[in-house]
Amino acid sequence: MIWLFLCLTMQAQKHEVRAVWLTTIGGIDWPYAKSATAQKQEMIRTLDQLRKVNVNTVLIQTRVRASTIYPSGIEPFDMCLTGTHGKNPGYDPLAFIVDECHKRGMECHAWMVTIPVGKTSEARFKEFKRKNPKLAKNIGQEGYMNPEDPQTGDYIARICAEVTRNYDIDGIHLDYIRYPETWPKVKKREESGKRRHNITSIVRKIHQAVKSLKPWVKLSCSPIGKSGELSRYRSGGWNAYNAVFQDAQGWLRDGLMDQLYPMMYFRGNNFYPFALDWQERSYGRTIVSGLGIYFLSPREGNWTLDDISREMYFIRDNNIGHCYFRSKFLTDNTRGIYDFAHRFDDAPALIPPMTWTWKEAPTAPTRLDVKRSSSTDRLSWGGAVDKSRADYLLYNVYASTSPDVDTNEPRNLIATRLKATQMYVPHTNGQTLYYAVCALDRYGNESQPKQSETGMKTVTVPHAVSPNDTHIPPFYYFWSKKQQKKYNNTHQKP
């Protein structure tokens, strides 16, 4: 029962990235169905499950292999959506997923696979090579973009700009931004430096393309889990800096990345010292440890839950976030990982603010009105000013039985990243509840709270985030269908 003791003694984190990689290639996490309606239902069920364990960031695989899950003017639709390469699924999956994530108070990052472009036998690679013969390179049965051609960075930057411009995403997440491990080996030291320069040049072009459009959109990547050789621990020859030429810590230092999600799919001394190395050289940016929960499957590695839970306690104690690879192993509760996540992340958390880009918080709302009906409290607020001049403000709502609501206590969070300026709280018991609302800019800076002036006879709200639909009460999507039907029959949209 070690986990129970640690859960009782470890303080909840108000700011912490809790993420999942949601994979679309081959439909291994999503989608399974081929109809638009069924795909949407599948995604809603998955996001509801993720929200219940307080995941706050979804990395959705958007560029798959020279193919996309959105209507692109550059590349075709991926076959995961319909079973046919290039076929339009009849809706915009990325727009749908971004909207559904935001309804649940979660960030949505577009996960872009960069250098690999599919197997040489596949239609997507053949189409890419026909259109871009200079950029395509075969290595055995695998196809790649050539990292040594300057136009590769221009091409990927153009795709990232397309997504950033057309969608209300919160981040661009780069995967496989490195040399393929099967690329011809370097023969001289200066060749290693040249290769690192080539990859950094691609990153720089993407950074410029994204930040020139929306500077609040986070740029991140998933480097190899070991940055390099440490003084006391060796990487075994497989590390980001020397093996695949990723200067990921340099990208943080030089302001080219806002977050790193190192793929730390290891145990023991292959995990802990390397996790500390990432954090100690984070340059004030955000480190999120990628956790190989797929190894919990007997088919993959037959790890125990204790292998993962020990890592999660360790990284939390060192102010490192966590990201599950992959989503389905979490929602399938492989070896009890979903149950553990429910205990471990038992309160919501906010994303750490991007103070290195913008740090002046919005002003607090100037008013907070609470109106009580026979069954619902209606909260409405306004008057906050966004000093960052980004797209729009969001709002975090807190509640407690204390008249002075403590907004530093994450267990008081009842809704995060609301786009609306009103919220409904249904009554289920007779406790007196007080409220506070904070404005949140797109960089994650939170204002001072506006406190409610009087307590209301209302409900102690569960630790979950409400949808952003203004007419639906908090936690509606988490009720049983019978509870939803009862509410629908007795309430009208305001």
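The values are calculated or read from the model by the stated rules, or taken from the named source; none is laboratory data. The structure presented is a predicted model; accordingly, all values stated were derived computationally and were not measured. Don't worry about glycine lacking a Cβ; one is built from the backbone with ideal geometry, like all the others, and counts go over all protein chains shown. Just so you know, the surface numbers come from the protein's heavy atoms only, side chains and all, with ligands and any DNA or RNA stripped out. Shrake-Rupley method; radii C 1.70, N 1.55, O 1.52, S 1.80 Å.
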Worksheet entry | Check on Trp216, within 24 Å of Val58 (Cα to Cα), assigned to a loop (DSSP other than H, G, I, E, B) and either in contact (Cβ under 8 Å) with a residue 40 or more places away in the chain or of a type outside the set (Lys, Arg) (or both) | yes
Discussion item. I'd like the residue in the stretch 361-383 that is over 30 Å from the mean Cα position of the chain (by Cα) and hydrophobic (A, V, I, L, M, F, W, C) and, out of all such residues, is nearest to Gln451 (Cα to Cα).
Written reply: Leu368
Response to the item:
Subset of the stretch 263-282, residues open to solvent by less than 50 Å² (accessible area, probe 1.4 Å), among the aliphatic types (A, V, I, L, M) and in a helix (DSSP H, G or I), comes to Ala275
Item to complete: State whether one or more residues within the stretch 56-71 are at pLDDT 95 or above, more than 30 Å from Lys214 (Cα to Cα) and touching a helix residue (DSSP H, G or I) at 6+ places or on another chain (Cβ under 7 Å).
Response: no
Worksheet item: How do the strands (runs of 3 or more DSSP E) wholly within the stretch 73-144 filter down when requiring 1 or more residues that are in contact with a His (Cβ under 8 Å, 6 or more places away or on another chain): which remain?
Response: 107-113
Worksheet item: Inside the stretch 365-389, can you point out the residues that are open to solvent by 20 Å² or more (accessible area, probe 1.4 Å), in contact with a Lys or Arg (Cβ under 9 Å, 6 or more places away or on another chain) and more than 30 Å from Gln11 (Cβ to Cβ)?
Response: Thr366, Arg367, Asp369, Lys371, Arg372, Arg378, Gly383, Asp386
Worksheet entry | Selection status of Asp391, among the charged types (D, E, K, R) and modelled with pLDDT of 95 or more | no
Worksheet entry | Flag for Leu252 being part of a loop (DSSP other than H, G, I, E, B) and touching a residue at least 12 places away in the same chain (Cβ under 8 Å) | no
Worksheet item: Residue check, Tyr176 against (1) touching a Pro at 6+ places or on another chain (Cβ under 8 Å); (2) at negative phi, all met but one. Which one?
Response: (2)
Fill in: Search result, residues across the stretch 426-446 that are assigned to a loop (DSSP other than H, G, I, E, B) and over 26 Å from Ser373 (Cα atoms)
Asp441, Arg442, Tyr443, Gly444, Asn445
Practice prompt. Would you be able to say whether some residue in the stretch 146-155 is more than 27 Å from Leu256 (Cα to Cα) and of a type outside the set (Asp, Glu)?
Written response: no
Discussion item. Conditions first: (1) open to solvent by 10 Å² or more (accessible area, probe 1.4 Å); (2) of a type outside the set (Val, Ile, Thr); (3) closer than 23 Å to Leu330 by Cα. Gly292 passes all but one, so which condition is the exception?
Written reply: (1)
Discussion item. If I filter the stretch 371-383 for residues that are closer than 20 Å to Val217 by Cα and free of Cβ contacts under 8 Å to residues at least 60 places away in the same chain, do I get at least one hit?
Written reply: no
Worksheet item: For the stretch 255-287, which residues satisfy the criterion of being charged (D, E, K, R) and free of Cβ contacts under 8 Å to residues at least 40 places away in the same chain?
Response: Glu280
Practice prompt. Find all pairs meeting these conditions: Cβ atoms under 6 angstrom apart; at least six residues apart or on different chains; first residue within the stretch 40-66 and within 15 Å of Asp332 (Cβ to Cβ) and in a loop (DSSP other than H, G, I, E, B); second residue open to solvent by less than 20 Å² (accessible area, probe 1.4 Å) and at pLDDT 95 or above.
Written response: Val53/Ala341; Val53/Asp345; Val55/Arg18; Val55/Val20
Discussion item. Going by what's in this entry, would Lys194 be described as basic (Lys, Arg) and either open to solvent by less than 80 Å² (accessible area, probe 1.4 Å) or part of a strand (DSSP E or B) (or both)?
Written reply: no
Item to complete: Answer yes or no: is there a residue in the stretch 178-185 that is outside any loop (DSSP other than H, G, I, E, B) and open to solvent by 20 Å² or more (accessible area, probe 1.4 Å).
Response: no
Discussion item. With the structure loaded, tell me whether Ile115 is in contact with a Pro (Cβ under 8 Å, 6 or more places away or on another chain) and loosely packed, with under 15 Cβ neighbours inside 10 Å or whether it fails that test.
Written reply: no
Fill in: From the options Glu148, Glu127, Glu100, Glu122, residue that is within 21 Å of Thr200 (Cβ to Cβ), among the acidic types (Asp, Glu) and either modelled with pLDDT of 95 or more or open to solvent by 30 Å² or more (accessible area, probe 1.4 Å) (or both)
Glu148
Response to the item:
Residue hits (the stretch 30-57; open to solvent by 10 Å² or more (accessible area, probe 1.4 Å) and closer than 23 Å to Asn88 by Cβ) are Tyr32, Ala33, Lys34, Ser35, Ala36, Thr37, Ala38, Lys40, Gln41, Glu42, Ile44, Thr46
Worksheet item: If a residue has to be over 22 Å from Pro31 (Cα atoms), modelled with pLDDT of 95 or more and either outside any helix (DSSP H, G or I) or open to solvent by 30 Å² or more (accessible area, probe 1.4 Å) (or both) to count, how many in the stretch 296-341 make the cut?
Response: 15
Practice prompt. Report yes if some residue within the stretch 35-44 is in contact with a His (Cβ under 7 Å, 6 or more places away or on another chain), among the aliphatic types (A, V, I, L, M), modelled with pLDDT of 95 or more and more than 27 Å from Arg130 (Cα to Cα); otherwise report no.
Written response: no
Item to complete: Answer yes or no as to whether Phe245 is among the aromatic types (Phe, Trp, Tyr), open to solvent by less than 20 Å² (accessible area, probe 1.4 Å) and over 29 Å from Leu350 (Cβ atoms).
Response: yes
